[in-house]
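These notes concern the structure reproduced below.
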Amino acid sequence: MGKLLVVGNWKMNRMPSEAEPFLRQLREQMPAMQHVTVVVCPPFPSLPIAAPVLEKSPIQLGAQNMCWARGGAFTGEVSPAMLRDLYVTHVILGHSERRSHFHETLEQIAAKVRAALDNGLIPILCLGETQAEREAARQSSVVERQLISALEGLGEEQARRLVVAYEPIWAIGTGKTATPDQAQEMHATLRQLLAKHLGEETARRVRILYGGSVQAANALELFRQPDIDGGLVGGASLDANEFLAIVAHAHSCA
Ligand code: PGA
């Protein structure tokens, strides 16, 4: 397996004025690690503050959303090139909160994934089922539809840079994590789907993260699963010690 990836998703938390001291602390305490990549994704207004703090540190910068268009009359939106200009390397796309609160469609998410790759950004494509879908045993078909629609038009080479984050909606912000077995089962399904559509080599290279109430207390068991290549961490990424402990668990599995 390649490098493990741990991504902190701050969501709409922390003021821009609070971002700098927090990131300084994280930078100072983050060990240099060969086999783990760490990315933090603050809200847009904190990106220009974060970039100089994280320069020459092992921590990379991510955004939480992006427009699929290159520029122009799209009031309130942020283009891929604007993110690149702020030294952003990764972008979370299709998060369940964007799909549900902002009605992002499969087509829009697919367009964003393509735009990110075309602009040299690494898309972190989020997908996952609701509680009701799991209870109806529909989780695999739901996630398959979300994955396949987002791969539309991608070549194998391009798709290798994609990161997929499996985030069961019932586990997000609830403290109710998927068990390592439940997560591994879905990750293996995702890997098989990637192999079917993009070939074995690409499927091996795409990193598949688990997200949904990842904490220091459950990270190690999750990261030990063969198809879990790291985590997308929400709430726990707002606490520096907790986030550092999660990163340390990834390091011990790498
Ligand atoms: P959580 O959020 O870790 O707070 O459950 C994860 C996410 O939504 O990315």
(1) at pLDDT 95 or above; (2) crowded, with 17+ Cβ neighbours inside 10 Å; (3) farther than 25 Å from PHE243 by Cα all hold for LEU198 apart from (1)
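Being more than 14 Å from the ligand (Cβ to nearest atom), more than 20 Å from LEU232 (Cα to Cα) and among the aromatic types (Phe, Trp, Tyr) is the requirement here; does PHE44 meet it?
Details: more than 14 Å from the ligand (Cβ to nearest atom): yes; more than 20 Å from LEU232 (Cα to Cα): no; among the aromatic types (Phe, Trp, Tyr): yes.
So PHE44 does not fit the description; no.
Kindly indicate the residue of segment 46-87 that is of a type in the set (Val, Ile, Thr) and under 30 Å from GLN29 (Cα atoms) and also nearest to the chain's Cα centre (by Cα) among those meeting that condition.
Looking only at segment 46-87, we keep the residues that are of a type in the set (Val, Ile, Thr), and these are 49, 53, 59, 75, 78.
Filter again for under 30 Å from GLN29 (Cα atoms), leaving 49, 53, 59.
Numbers: ILE49: 21, VAL53: 21, ILE59: 14 Å.
Going through the qualifying residues, I end up with ILE59.
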Scan segment 220-244 for residues that are open to solvent by less than 60 Å² (accessible area, probe 1.4 Å) and more than 14 Å from the ligand (Cβ to nearest atom) and jot them down. LEU220, PHE223, GLN225, ASP227, ILE228, ASP229, ALA240, LEU244
Can you tell me how many residues within segment 112-145 are of a type in the set (D, E, K, R), open to solvent by 50 Å² or more (accessible area, probe 1.4 Å), in a helix (DSSP H, G or I) and free of Cβ contacts under 8 Å to residues at least 24 places away in the same chain? 1
Return the pair list, or none, for Cβ contacts closer than 6 Å from residues in segment 82-95 that are under 26 Å from ILE169 (Cα atoms) to residues that are within 13 Å of the ligand (Cβ to nearest atom) and not in a strand (DSSP E or B), at least 6 apart or on different chains. ILE92/GLN64
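Counting only residues that are open to solvent by 60 Å² or more (accessible area, probe 1.4 Å) and farther than 30 Å from ASN13 by Cβ, how many does segment 146-178 have? Steps first, answer last, please.
Going residue by residue through segment 146-178, those that are open to solvent by 60 Å² or more (accessible area, probe 1.4 Å) are 152-153, 156-157, 161, 169, 173-174, 176.
Still in the list and also farther than 30 Å from ASN13 by Cβ: 152-153, 156-157.
Total satisfying the criteria: 4.
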Quick one: LEU54 ticks every box in (1) away from the ligand (no atom under 16 Å from the Cβ); (2) open to solvent by less than 50 Å² (accessible area, probe 1.4 Å); (3) at positive phi bar one, so which box is it? (3)
If GLY153 satisfies every condition in (1) at pLDDT below 95; (2) under 19 Å from the mean Cα position of the chain (by Cα); (3) farther than 19 Å from HIS90 by Cβ but one, which is the exception? (2)
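Of ALA188, ALA183, ALA195, which residue is free of Cβ contacts under 8 Å to residues at least 12 places away in the same chain and more than 11 Å from the ligand (Cβ to nearest atom)? Step through it out loud before you land on a result.
Numbers: ALA188 fails: free of Cβ contacts under 8 Å to residues at least 12 places away in the same chain; ALA183 fails: free of Cβ contacts under 8 Å to residues at least 12 places away in the same chain.
The unique qualifying residue is ALA195.
Is it fair to say GLN25 is over 19 Å from the mean Cα position of the chain (by Cα), touching a residue at least 12 places away in the same chain (Cβ under 8 Å), open to solvent by 80 Å² or more (accessible area, probe 1.4 Å) and under 21 Å from ALA216 (Cβ atoms)? It would help to see each step written out before you state the result.
Details: over 19 Å from the mean Cα position of the chain (by Cα): yes; touching a residue at least 12 places away in the same chain (Cβ under 8 Å): yes; open to solvent by 80 Å² or more (accessible area, probe 1.4 Å): no; under 21 Å from ALA216 (Cβ atoms): yes.
Spelling it out, it is not the case that GLN25 is over 19 Å from the mean Cα position of the chain (by Cα), touching a residue at least 12 places away in the same chain (Cβ under 8 Å), open to solvent by 80 Å² or more (accessible area, probe 1.4 Å) and under 21 Å from ALA216 (Cβ atoms).
Provide a single number: the residues in segment 209-219 that are buried (at least 24 other Cβ atoms within 10 Å of the Cβ) and assigned to a helix (DSSP H, G or I).
Just the residues of segment 209-219 that are buried (at least 24 other Cβ atoms within 10 Å of the Cβ), to begin with: 209-212, 214, 219.
Checking which are assigned to a helix (DSSP H, G or I) leaves us with 219.
Number of matching residues: 1.
Could we say that VAL39 is modelled with pLDDT of 95 or more, within 16 Å of the ligand (Cβ to nearest atom), among the hydrophobic types (A, V, I, L, M, F, W, C) and under 30 Å from ALA178 (Cα atoms) here? Show your work before the answer.
Working: modelled with pLDDT of 95 or more: yes; within 16 Å of the ligand (Cβ to nearest atom): yes; among the hydrophobic types (A, V, I, L, M, F, W, C): yes; under 30 Å from ALA178 (Cα atoms): yes.
Judged against the criteria, VAL39 is a match.
In the set ALA219, ALA250, ALA188, ALA159, which member is over 30 Å from PRO21 (Cβ atoms) and within 17 Å of the chain's Cα centre (by Cα)?
Values: ALA219 fails: over 30 Å from PRO21 (Cβ atoms); ALA250 fails: over 30 Å from PRO21 (Cβ atoms); ALA188 fails: within 17 Å of the chain's Cα centre (by Cα).
Just one listed residue meets the conditions, ALA159.
The values are calculated or read from the model by the stated rules, or taken from the named source; none is laboratory data. Remember, it's a predicted structure, so these values are computed and weren't measured experimentally. FYI the Cβ positions are ideal-geometry reconstructions off the backbone, even for glycines, and counts take in every protein chain you see. To get the accessible areas, we keep the full protein, side chains included, count just its heavy atoms, and leave off ligands, DNA and RNA. Shrake-Rupley method; radii C 1.70, N 1.55, O 1.52, S 1.80 Å.
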